[in-house]
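Below: the structure, in C-alpha cells.
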Amino acid sequence: MTTFAAMLRAAPWAATLAPGDLARVESETLVRTCASGTLVCRRGETVEAWIGVVDGLVKMTNVSADGKPTSFVGVSSGGWFGEGSVLKDEPRRYDIVALRESVIAYLPKATFLWLLDISMPFNRFIITQLNERLGQFIGMVEHDRLLGPEARLAHCLAAMFNPVLNPGVQPSLPISQEEFAQLAGLSRQRANQALQRLEQAGLVRIDYGGVTVRDLAGLRQFQG
DNA sequence: TCATTAAATTGTT
DNA sequence: AACAATTTAATGA
C-alpha cells in the first residue's frame, strides 16, 4: 500500500461510492509525507481532518488528566483515526507522532461530514470504527495501570492486530525494536527483554526488523 | 550471480 | 548510553 488511491480501493466503505464521489474524496484529501519523529497532528489544535495512514506507522499518545503520558496506540498502513474528534468538534486530545517516515492522508472535516450524509456504508464503517476504538481504550485502562512492561508490550502488540483498526497489518509485522520501545513507552533494552520473554512463551517469533505473532489470543491474555 | 561495502538492527554490558 | 555481532541492502565486477 503506497498511494492514497490504492488505500481507497482497498477500503470497504469506498467500494460502494459512485465514481464521481470517489473522485471528490480523492481530490479533496491532502496527502503528505511525515518524517520519522515528527508530529502528524498536535494536541490542542482544532480538528479539521480525519486522518489515515497510507503507508508507515504512527502512535497516538494518550495523555491522562494530570498530563502524564500513559498509554499508546499504534496505527499502521491502512488505518484511520480521529473520527471521534471530528464529530465532537473539540480540540484534539492526542499527539500523533510518526514512528517512521509515513505517508499520511488528511481527509477534510467537510468531506468527512459529506460522506456521512451520502453514504450508508460509510456510516456503518465509522460506527464500527468508533466501537472498536472504544473497546481498545477500555482494554488499555484494564491493562496499563496494573501490569508490568512485558504485559504492556504484549497488549500493545495485540492491539496492533485489530483487523478493523489496522486493516493492512500482516501476521508478521515489520517493526523494529526501537519503534516498539517508543510505542510501548519503554527503553529499547527493556523492549528487547520483553520481546524475548514473549518469544520464550511461544507467543511471537522475533525476526530481523520485525516480529511474527504466533498466538494472538495468548498475547491478549498475557499477564506476565 | 557473487563478493565487498555500508547501513540498520539486535543482543549485551 | 555505548559496544560488538549480526542481518539486510546496495554496489560493482
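Please treat every number below as a calculation from the coordinates, not as lab data. Quantities reported herein were computed from a predicted structural model and do not represent experimental measurements. Cβ atoms come from the backbone with ideal geometry, glycine included; neighbour counts cover every protein chain shown.
Look at the alpha carbon pairs under 8 Å that are at least 6 residues apart: their mean separation over the length of the range A:1-133 gives a relative contact order of 34 percent. With neighbours defined as other Cβ atoms within 10 Å of a residue's Cβ, the residues A:Asp95, A:Asp207, A:Asp117 order from fewest to most as A:Asp117, A:Asp207, A:Asp95. In terms of overall dimensions, chain A has a Cα radius of gyration and Dmax of 17.4, 53 angstrom. Taken one residue at a time, the phi angles of the range A:12-25 give Karplus couplings (6.51, -1.76, 1.60, θ = phi - 60°) of x, 6, 7, 4, 9, 6, 5, x, x, 5, 4, 5, 5, 4 Hz. Gly and Pro are set to x. Distances between placed amide hydrogens fall under 5 Å for A:Leu57 paired with A:Leu99, A:Arg100, all partners being 5 or more residues away or on another chain. Debye-formula intensities of the range A:148-221, expressed as log10 I(q)/I(0) at q = 0.11, 0.23, 0.25 Å⁻¹, are -0.22, -1.04, -1.25 (one equal scatterer per alpha-carbon, no solvent).
The simple spin-label model puts a point 7 Å past each Cα toward its Cβ; for A:Thr33 and A:Gln193 those points are separated by 3.8 nm. Taking a sphere under 10 Å around the Cβ of A:Tyr94 and counting the other residues whose Cβ falls inside, with K and R at +1 and D and E at -1, yields a net charge of +4. Counting only alpha carbon atoms, the long axis of helix A:149-160 and the longest principal axis of chain A meet at about 30°.
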